[in-house]
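Below: the structure, in structure tokens.
The values are calculated or read from the model by the stated rules, or taken from the named source; none is laboratory data. As the structure is a computational prediction, the values presented were derived from the model and not from experiment. Don't worry about glycine lacking a Cβ; one is built from the backbone with ideal geometry, like all the others, and counts go over all protein chains shown.
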Amino acid sequence: MRQAGLLASRAVEKSPSDRLIYGIMKAVIAERPGDEGVLRLAEVSEPSLRSEDLMIRVTHAGLNRADLMQRQGHYPPPPGASDIIGLECAGEVVAVGSAVKGWRVGERAMALLAGGGYAEKAVVHHGSAMRIPAALSDAEAAAFPEVFLTAFLNLFQLAKVKAGDWALVHGGGSGVGTAAIQLLKEAGVRSIVTAGSEEKCNRCLNLGADVAINYKSGPFPVAVREATGGRGVDAILDIIGAAYLAQNIESLARGGRLVLIALQKGAKTEIDLLPVLRNHLSIHGSTLRSRPEAEKVEIVAAFLARFGAALEAGRLRPPIHKVLPASEAVEAHRMMQASEHFGKIVLRFG
């Protein structure tokens, strides 16, 4: 297990130089499953570096809905991953494994992690790291990998959207939603999003969505059909699950693809399968975290091949709702749980 162990409590905290010598770092830990109150900043052992890894001195770590699930005990890390929460981070490379080519100590890096992001140091296979372009701050970079790669994988590789298609994205104001809006716009795909307030809908439109629907105003298929001239959408990216399944099927065009990436409102429901057969629909289930390391490396490479120029130019940029110090992780989790944010919440280390 690439797992950082919690150290015995100390009466006096070591100085930064002492902690460096003894291989100690600070991390946000959850000693037991529970609400936000179980989180605290503690001293733990640094992660070990494998031959194909980079070690990153973390300046910022992005929050994701999956972090809340892990804290509650519902989403354990995959085998071999750190049990520290955190699926993405940004900072400076401080060590390079013996088999790594093309990376140097001192370079700025952002990384897709299976765990370990809420810490002063994180290790990652070099193929799951990306160089931070000059256009992005470290806070923006920390909010980038998990959500942009999730949107890319599910919309472009699984749902196979292309220029001129229509795509429906639920949770348009979320991290994945705001990433999807930007990627779809960049690729010439027309987007419809759902969000929970008129303010969020307007912000989604300003970010590049073609249509925004306030889901609190009622069922969305009528608005989707109206926006698409009665045709429906070619692809749907869904974080809701059971509560939206029937409406999603109703919103798809012939040959449409539904990709489920979360189940925020239930995992079980009954549906009429006749429209699925009649309209040749496809339903995909997908998670990014549990994929093998080799697959993640391929996803990162494919993303950079398709959207690397847009990233470098600064056209892809996660909206940051708030940056909080790591010592305020409890407040950060409360903020995400309340779902009042737009875009990303980020923890700062150092």
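Looking at Asp138, Asp67 in this structure, which one is out of contact with any helix residue (DSSP H, G or I) (no Cβ under 8 Å at 6 or more places or on another chain) and at pLDDT 95 or above?
Among Asp138, Asp67, only Asp138 is out of contact with any helix residue (DSSP H, G or I) (no Cβ under 8 Å at 6 or more places or on another chain) and at pLDDT 95 or above.
In the stretch 21-55, which residues are among the polar types (S, T, N, Q) and outside any strand (DSSP E or B)?
Residues satisfying the conditions are Ser48, Ser51.
State which residue is farthest from Gly171 (Cα to Cα) when the search covers only the stretch 328-344 and only residues that are hydrophobic (A, V, I, L, M, F, W, C) and surrounded by fewer than 19 Cβ atoms within 10 Å (Cβ to Cβ). Write out each step before concluding.
Within the stretch 328-344, the subset hydrophobic (A, V, I, L, M, F, W, C) is 329-330, 332, 335-336, 338, 342.
Okay, now just the ones that are also surrounded by fewer than 19 Cβ atoms within 10 Å (Cβ to Cβ), so 330, 335, 338.
Numbers: Val330: 23, Met335: 16, Ala338: 14 Å.
Here the residue is Val330.
Looking at the stretch 61-70, which of the residues that are crowded, with 24+ Cβ neighbours inside 10 Å and of a type outside the set (A, V, I, L, M, F, W, C) is nearest to Arg108 (Cα to Cα)? Working first, answer last.
Quick first cut of the stretch 61-70, residues crowded, with 24+ Cβ neighbours inside 10 Å only: 61-64, 67.
This time we only want the ones that are of a type outside the set (A, V, I, L, M, F, W, C), so: 62, 64, 67.
Values: Gly62: 16, Asn64: 22, Asp67: 24 Å.
Here the answer is Gly62.
Check the stretch 154-169 and report whether any residue there is hydrophobic (A, V, I, L, M, F, W, C) and without any contact (Cβ under 8 Å) to a residue 12 or more places away in the chain.
Checking the stretch 154-169: not a single residue is hydrophobic (A, V, I, L, M, F, W, C) and without any contact (Cβ under 8 Å) to a residue 12 or more places away in the chain.
Quick check on Asp238: is it under 18 Å from the mean Cα position of the chain (by Cα), in the same structural domain as Thr194 (by TED's automatic domain parsing) and of a type in the set (Asp, Glu)?
Against the criterion (under 18 Å from the mean Cα position of the chain (by Cα), in the same structural domain as Thr194 (by TED's automatic domain parsing) and of a type in the set (Asp, Glu)), Asp238 qualifies.
Would you point out which residue out of Leu149, Leu136, Leu153 is within 21 Å of the chain's Cα centre (by Cα), farther than 27 Å from Pro325 by Cα and not small (Gly, Ala, Ser)?
Working: Leu149 fails: farther than 27 Å from Pro325 by Cα; Leu136 fails: farther than 27 Å from Pro325 by Cα.
None of the other options fit; the residue is Leu153.
Just checking, does the stretch 333-348 include any residue being among the small types (Gly, Ala, Ser), more than 25 Å from Leu245 (Cβ to Cβ), in contact (Cβ under 8 Å) with a residue 60 or more places away in the chain and not in a loop (DSSP other than H, G, I, E, B)?
Within the stretch 333-348, none of the residues are among the small types (Gly, Ala, Ser), more than 25 Å from Leu245 (Cβ to Cβ), in contact (Cβ under 8 Å) with a residue 60 or more places away in the chain and not in a loop (DSSP other than H, G, I, E, B).
Give the residue that is modelled with the lowest pLDDT, with candidates limited to residues of the stretch 246-274 that are hydrophobic (A, V, I, L, M, F, W, C) and more than 22 Å from the chain's Cα centre (by Cα). Can you show your working first?
Within the stretch 246-274, the first condition is being hydrophobic (A, V, I, L, M, F, W, C), and the residues that meet it are 246, 249, 252-253, 258-263, 267, 271, 273-274.
Filter again for more than 22 Å from the chain's Cα centre (by Cα), leaving 246, 249, 252-253, 271, 273-274.
Details: Ala246: 96, Ile249: 98, Leu252: 98, Ala253: 98, Ile271: 89, Leu273: 94, Leu274: 95.
Among them, the one singled out is Ile271.
Pull up the stretch 174-190, narrow it to residues that are touching a Ser or Thr at 6+ places or on another chain (Cβ under 8 Å) and surrounded by 24 or more Cβ atoms within 10 Å (Cβ to Cβ), then point me to the one that is nearest to Gly241 (Cα to Cα).
That would be Val176.
Among the residues of the stretch 324-350, how many are hydrophobic (A, V, I, L, M, F, W, C) and over 16 Å from the mean Cα position of the chain (by Cα)?
7
Which condition number in (1) under 20 Å from Arg291 (Cα atoms); (2) buried (at least 18 other Cβ atoms within 10 Å of the Cβ) is the one that Val58 fails?
Only one criterion is unmet by Val58, namely (1).
Just a yes or no: is a residue in the stretch 287-300 farther than 30 Å from Asn206 by Cβ and among the small types (Gly, Ala, Ser)?
Yes: one or more hits.
Checking Gly218 against (1) farther than 25 Å from Phe152 by Cα; (2) surrounded by 14 or more Cβ atoms within 10 Å (Cβ to Cβ): exactly one of these is not met. Which one?
Unmet for Gly218, out of (1) farther than 25 Å from Phe152 by Cα; (2) surrounded by 14 or more Cβ atoms within 10 Å (Cβ to Cβ): (2).
What are the pairs with Cβ atoms under 9 angstrom where one residue, in the stretch 225-250, is surrounded by fewer than 18 Cβ atoms within 10 Å (Cβ to Cβ) and the other, located anywhere, is hydroxyl-bearing (Ser, Thr, Tyr) and at pLDDT 95 or above? Sequence gap at least six, or different chains.
Close Cβ pairs satisfying both conditions: Arg225/Ser251.
Give me a count of the residues in the stretch 295-327 that are buried (at least 18 other Cβ atoms within 10 Å of the Cβ) and out of contact with any helix residue (DSSP H, G or I) (no Cβ under 8 Å at 6 or more places or on another chain).
1
Return a yes/no flag: does the stretch 83-101 have any residue that is at pLDDT below 95, surrounded by fewer than 15 Cβ atoms within 10 Å (Cβ to Cβ) and farther than 16 Å from Gly350 by Cβ.
So far as the stretch 83-101 goes, no, none of its residues is at pLDDT below 95, surrounded by fewer than 15 Cβ atoms within 10 Å (Cβ to Cβ) and farther than 16 Å from Gly350 by Cβ.
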